[in-house]
Amino acid sequence: MRLRLPNISGLLKLLALSALVSCLPSQRRQLTDFQLSALIDSHPPLPALSPNYYTKTTTASSRSAQSSSGASNGQNNNNPAALLTPILIPRTPGSENATIVRNHFTTHFDALSNWTAVTDAFTATVPEYGGVMGMLNFTNLIFRLTPPGSDDMPSRYLTLVAHYDSKISPFGFIGATDSAAPCAILMYLAETLTPYILARWKADISAAADDTGLQIIFMDGEEALVEWSDKDSLYGARHLAELWEAERRPSQFGRLSVLQDIDLFVLLDLLGADSPSVPCFFEITSWACRDIAETEATARNAGLAKTKGRKPFVQSDNVMQNVFIDDDHMPFLTRGTPVVHVIPIPFPTVWHTMDDDGAHLSSDAVHDWAVIVTGWVAGYLGLGDFIA
Ligand SMILES: [Zn+2]
C-alpha cells in the first residue's frame, strides 16, 4: 500500500466517494465481557498464531476426523495446526510458494463445515522485472459461509480481506505484517466462529435466510512489482472489483451487481507489529470502527489482552479523513462499497524491509488483534447468545 499526502483533488475525491456510499445503520451488537471471554477461552489464538509455532502439515482428512471426534471445529486445541508459520515464506504472485500458501488456506477452509470456495484466477500485464515481462498469473481466493435458505435472495456478506502476496524486492522479503499475520488472523477467526454461526442458523432456519453471511478474501497482487502506480499495484483487488461489478443482479434483488452483496468491506493490513495505532478513516463507516474499538475495550477489561498497559490499538476518537492510503479497498471504495480500513498510522517501522519477518512480529499484538477482530465479528453477526 502507499500513503499519500492529502491534496485538494484527493480530498474532493474522498468527499465524492462518501456521497456514493450508502448510509449504513449501526448494528450496535457487541459481545459482553463474559461472552468474549468464553469465546476466546474456547479457542485461544496462541499457539496457532505464534510466528514460532510449527506443526507437521495436517491434511484436510485428518482434521475432518478430529472434527467429527468432537474437537473444536476441525482443531485439536491441545495441538492446533500452525496457521501463521506456513505463510511466513516469500510468496510473490505466480510463484510456487504462492500456490503452497493458497493450498494452506484451502486445506484450512475445507476442514471447516459448510464453507464454499471461489477462485478468481487471471492473467495481467505487468512491467518488466527480473527477467519476467509481459504477463503474470494472479489468483484471489474467496471463502464464503452462506446462510441456509437464501436461494431466492442472494445473501449479503460481511467481507474480511487481507492480501497474501509478498513484495518481489528486497529478495527474500517475507512480509509478516504485510500481510501474513492478517491472513492467519482471518483463518483463526473463521475456525473459531464457524460453529457459533452454524448454531445460530440452525436455531432459526427461517430467520437465517435474512442473516448476513461471512466472506473472506485472500487477495493476490497487492504489492507493486516495480514501482507503485495505478497500473502496477492492487492487481487482485482491481480485477475482483471489476468482475463483481460486471456481474449484474436481476432488478428484483434491489442490487445492481454482486459487488453490492458486500455488507461491509473490512481490510486488515500491516498488523502484528508492536504498539500499533489504527485510526478510523471514513466518516460513513466510523460506527463500525468505533464498534471495533469498543470490542478492544471489552477485551482489555476482561483481561484477555496480552499487550497490557499500552494505549488502545484502535483510536476511534477522530476520523482521519485527510489521510489517503492506496490499498486493496480502493477499487471497491471507488465503486461505492462501504469500507473499514484496519491499518496502523504510522506504518510499522519494519514496513517494506527485510525486518518484516517472523522474528520481528509481536506475538502478543497478533494475539490481541485476533481477539479484537474475532470478537467484533461475533458481535456483528449476532452470535452472543450462542456463545455463553
Ligand atoms: Zn506492502
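A few points about this structure:
- Every condition in (1) within 16 Å of the ligand (Cβ to nearest atom); (2) in a helix (DSSP H, G or I); (3) over 23 Å from TRP244 (Cα atoms) holds for ASN103 except the one numbered (1).
- Qualifying positions in the stretch 64-96 - modelled with pLDDT of 70 or more, among the hydrophobic types (A, V, I, L, M, F, W, C) and assigned to a helix (DSSP H, G or I): ILE87
- The set of residues in the stretch 115-135 that are in contact with a Leu (Cβ under 9 Å, 6 or more places away or on another chain) and at pLDDT 95 or above comprises TRP115, THR116, ALA117, VAL118, THR119, ASP120, PHE122, THR123, ALA124.
- Count - residues of the stretch 135-163 that are of a type in the set (A, V, I, L, M) and under 16 Å from VAL101 (Cα atoms): 4
- Residues that are surrounded by 20 or more Cβ atoms within 10 Å (Cβ to Cβ), more than 28 Å from LEU88 (Cβ to Cβ) and among the β-branched types (Val, Ile, Thr), drawn from the stretch 223-269: ILE262
- Some residue of the stretch 290-301 being in a loop (DSSP other than H, G, I, E, B), more than 16 Å from the ligand (Cβ to nearest atom) and of a type outside the set (Gly, Ala, Ser): no
- Any hit, the stretch 154-168, residues being crowded, with 20+ Cβ neighbours inside 10 Å, within 16 Å of the ligand (Cβ to nearest atom) and among the aliphatic types (A, V, I, L, M): yes
- Here is the figure for the stretch 133-149: residues that are more than 19 Å from ARG200 (Cα to Cα) and under 20 Å from the mean Cα position of the chain (by Cα) total 6.
- The residues listed here are LEU271, LEU234, LEU256, LEU193; of these, the one that is out of contact with any His (no Cβ under 7 Å at 6 or more places or on another chain), at pLDDT 95 or above and more than 16 Å from the ligand (Cβ to nearest atom) is LEU193.
- Helices (runs of 4 or more DSSP H) lying entirely in the stretch 164-252 (those with 3 or more residues that are under 22 Å from VAL266 (Cα atoms)): 181-203, 235-246
- Any hit, the stretch 321-333, residues being among the acidic types (Asp, Glu) and in contact with a Pro (Cβ under 9 Å, 6 or more places away or on another chain): no
- Inside the stretch 104-133, residues that are closer than 18 Å to THR194 by Cα and of a type in the set (Asp, Glu) make up a count of 1.
- Listed by first and then second residue, the pairs linking a residue in the stretch 166-177 that is in contact (Cβ under 8 Å) with a residue 60 or more places away in the chain to a residue that is part of a loop (DSSP other than H, G, I, E, B) and aromatic (Phe, Trp, Tyr), with Cβ atoms under 6 Å apart and 6 or more places separating them unless they lie on different chains, are SER166/PHE173; LYS167/PHE173.
- For the stretch 270-281, taking the residues that are over 16 Å from the mean Cα position of the chain (by Cα) and within 27 Å of SER166 (Cβ to Cβ), the one that is surrounded by the most Cβ atoms within 10 Å (Cβ to Cβ) is identified as PRO276.
- Test: residue in the stretch 204-217 that is among the charged types (D, E, K, R), modelled with pLDDT of 95 or more and either out of contact with any Phe, Trp or Tyr (no Cβ under 9 Å at 6 or more places or on another chain) or surrounded by fewer than 22 Cβ atoms within 10 Å (Cβ to Cβ) (or both): no
- Number of the exception - ASP204 against (1) in contact (Cβ under 8 Å) with a residue 12 or more places away in the chain; (2) away from the ligand (no atom under 16 Å from the Cβ); (3) not β-branched (Val, Ile, Thr): (1)
The values are calculated or read from the model by the stated rules, or taken from the named source; none is laboratory data. All values reported here derive from a predicted model rather than from experimental measurement. Counting neighbours? That spans all protein chains shown, and the Cβs are built from the backbone with ideal geometry, glycine included.
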